Amino acid sequence: MSPAAKLQMSLELFEHGCAMMRATLRRRHPELDEAGIEALLGAWLRQRPGAEHGDGVGRVGVWPRVRP
């Protein structure tokens, strides 16, 4: 699979994941309008339980690793 195809697949999976989380948030919060659901989705994307420091394994580091 080419790098472009892998990237395309990753982006599609991200979109499907967001759609699934939107559906979950709508079920959990039926009183919210679309703006409220998008706000909750944005908060979830920034601070997902279990991925507070990102999805990678290992120690939390600083970026860039090499300082000028």
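Only the coordinates and a few stated rules stand behind these numbers; no lab work does. Please read all numbers here as calculations on a predicted model, not as lab measurements. Here the Cβ is made from the backbone with ideal geometry for all residues, glycine too, and neighbour counts use every protein chain on show.
Key figures for this structure:
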| read-out | value |
| --- | --- |
| The chain - charge dipole about Cα centre, Lys and Arg +1 at Cβ, Asp and Glu -1, debye rounded to 20 | 400 debye |
| Crossing angle, helix 34-46 versus the chain [Cα axis fit, 0-90 degrees, rounded to tens] | 30 degrees |
| Degrees, to the nearest 10: 3-28 long Cα axis against longest axis of the chain | 30 degrees |
| Global geometry of the chain, whether rounded, prolate or oblate, following the gyration tensor of its Cα atoms and the 1.5 cut on a/c | oblate |
| Helix-only [θ]222 nm of the chain, DSSP H runs n ≥ 4, -39500 (n - 2.57) each, per residue, nearest 500 | -19500 deg cm²/dmol |
| Residue among G17, P49, A35 farthest towards the positive dipole end of the chain, charges placed on Cβ | P49 |
